Each structure stands twice: as structure tokens, then as C-alpha cells.
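Taking it in order: structure first as C-alpha cells, then the write-up.
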């Protein structure tokens with residue numbers, strides 16, 4: 001009786017073990033099958049990207065990521081979907097993909113590229129500095145992050161060039177608005193705009209004009225010492241500039257005016273003395 005029980009238990013153990021092995025084998029086969037499907041979808045995405053059908057390529061990359069999210073291919077596929085959209089100027093879709101990539105894979109080896117590409121996706125949308133301020137600000141903030149977080153990468157080098165271009169754009173906007181206020185004789189508003197250029201965008205080509213405008217305004221409103229201060233800064237840094245020549249001419253006219261006034265005062269005093277003598 002005991003032997004029969006032992007044989008039954010042993011048979012049950014063998015049965016359970018074989019079932020477990022079968023389940024493991026089926027799981028491995030299923031996983032391998034899914035991985036093969038994922039790789040096939042990824043390869044198809046690459047093929048369509050090369051053919052120029054970026055929308056279908058992005059779809060295949062997304063499919064590859066969803067099929068096997070725990071695979072090393074998943075983040076790569078997500079990033080390729082973003083690049084596919086970016087390559088044909090679908091910037092809104094690229095930004096959505098990149099925002100999701102950065103949120104889901106913050107420690108991925110290519111996170112620096114993802115952030116750089118996100119900055120480019122905003123940067124490429126800048127057409128008019130008066131209308132595309134949101135894109136300008138977003139691109140600026142993202143590129144600053146790339147420069148600070150990944151300073152030794154090629155992405156940081158290019159981000160610096162892009163930032164220089166962005167600062168030129170922002171400075172030109174301030175100059176444009178400053179000129180408007182200048183023409184309307186709204187001196188304080190104009191000063192604020194030109195000061196923004198000299199304080200925040202002093203490496204741009206618009207700094208010289210901003211300094212000259214400040215010389216003009218302060219001279220017009222009677223703050224000659226302030227006018228001289230900005231004229232000195234302009235002359236020290238941009239002595240050969242046409243804007244310095246214009247500022248210099250302002251003080252030159254003031255000097256000529258003072259000479260004329262002094263001559264008039266001298267002539268008046270001489271006439272007074274002469275009149276006193278002949279009385």
C-alpha cells in the first residue's frame with residue numbers, strides 16, 4: 001500500500017515538473033516570438049524612414065516599443081519615432097514623442113540627444129521673433145540645459161551656437177519695440193527695452209545701437225551724466241562703430257552749442273561794459 005502511495009506521489013511530481021517545464025518553455029518561445037516581432041517592426045521602421053514615409057516609420061517604431069517594452073530596443077524605437085517626425089518637420093509630433101521619452105527613460109544613455117533634439121524641434125519653428133516667442137523661450141531653456149548638463153558633448157557645442165542665434169533674435173525684438181517707444185517719445189519704456197539688450201544680450205550685434213539709443217534718450221531728457229556714461233561704454237568697446245560716431249556727434253553738437261552760448265554771454269558782457277563807459 002505504501003509503495004502504491006509512493007509511486008502515485010512520484011508520478012504526480014513528474015507530472016507537475018513536466019507541466020512547469022512546458023510552461024517555462026512556452027513562455028520563452030512566446031517571449032522570443034514577441035522579440036522577433038519587435039525587431040521586425042523596428043527594421044521595417046528603418047526601411048520606411050529611408051524611403052521617406054516618416055509617418056508609417058514612426059508608427060512601426062511605436063509598434064516595436066509597445067510589443068516589447070522591457071527590451072533595450074524599446075527606448076531606441078521611441079527615440080527613432082521622434083526623429084522620424086522631426087526629419088520631415090512634424091515638430092509637434094516630435095515634441096510629444098520626446099517629452100514622453102524624457103519622462104519614461106530619464107536615465108537612458110541617449111538622453112542628451114533626446115533633449116538636444118527637443119530643443120531643435122522648438123528652434124526650427126522660429127520664423128518671426130515677434131510671433132514665435134514661445135518657441136524661442138522653450139528652445140533657449142532647453143539648449144541652456146543641454147550646455148549645463150552635457151558640456152563636453154557635441155550637442156552642447158551646437159547648442160551654444162543655437163543660443164547665440166536665439167539671443168540675436170531676442171535682442172532684435174527688444175530693439176524693434178524700443179524704437180517704437182522712442183518714436184512715440186515714451187522714454188522710460190524705450191530705456192527699459194534698450195537696457196534689456198545691454199544687460200542680457202550684450203554679445204549680440206544690437207548692443208552698439210542699444211547703447212547709442214540710451215545716449216540719445218538720456219541726453220534728450222537732460223540726464224547728461226547718464227548719457228556720457230553710455231557714450232563712454234560705447235566708445236570703449238566699439239570706437240570704430242557708426243553708432244559711436246553718432247553718439248560722439250551728439251556731444252559735439254552740445255560742445256558747439258556751449259561755445260556759441262559762451263560767445264553770446266561774452267559779447268553781452270562787453271557791450272554792457274562799453275555802454276557803462278559812454279554814459
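The values are calculated or read from the model by the stated rules, or taken from the named source; none is laboratory data. Keep in mind that this is a model prediction, so the values were computed, not measured. Cβ atoms come from the backbone with ideal geometry, glycine included; neighbour counts cover every protein chain shown.
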Going by the structure shown, is residue 120 in contact (Cβ under 8 Å) with a residue 24 or more places away in the chain and under 11 Å from the mean Cα position of the chain (by Cα)?
yes
If we only count helices (runs of 4 or more DSSP H) wholly inside the stretch 43-122, which ones have 2 or more residues that are under 23 Å from residue 160 (Cα atoms)?
73-87, 91-104
Could you identify the single residue in 94, 139, 114, 84 that is in contact with a helix residue (DSSP H, G or I) (Cβ under 8 Å, 6 or more places away or on another chain) and over 29 Å from residue 170 (Cβ atoms)?
84
Filtered residue count, the stretch 137-173, keeping only those that are more than 12 Å from the chain's Cα centre (by Cα), under 19 Å from residue 110 (Cα atoms) and in a helix (DSSP H, G or I)
5
Check residue 221 against each of (1) surrounded by 15 or more Cβ atoms within 10 Å (Cβ to Cβ); (2) touching a residue at least 24 places away in the same chain (Cβ under 8 Å); (3) over 29 Å from the mean Cα position of the chain (by Cα) and name the one condition it does not meet.
(1)
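To keep it simple, each residue is scored yes or no on (1) in contact with a strand residue (DSSP E or B) (Cβ under 6 Å, 6 or more places away or on another chain); (2) crowded, with 20+ Cβ neighbours inside 10 Å; (3) at pLDDT below 95.
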{"residue": "160", "(1), (2), (3)": "no, no, no"}
{"residue": "165", "(1), (2), (3)": "no, no, yes"}
{"residue": "178", "(1), (2), (3)": "no, yes, no"}
{"residue": "186", "(1), (2), (3)": "no, no, no"}
{"residue": "189", "(1), (2), (3)": "no, no, no"}
{"residue": "195", "(1), (2), (3)": "no, no, no"}
{"residue": "198", "(1), (2), (3)": "no, yes, no"}
{"residue": "207", "(1), (2), (3)": "no, yes, no"}
{"residue": "210", "(1), (2), (3)": "no, yes, no"}
Residue among 104, 95, 111 that is without any contact (Cβ under 8 Å) to a residue 24 or more places away in the chain and farther than 21 Å from residue 40 by Cβ:
111
For the stretch 206-223, state whether one or more residues are touching a helix residue (DSSP H, G or I) at 6+ places or on another chain (Cβ under 9 Å) and farther than 25 Å from residue 184 by Cα.
no
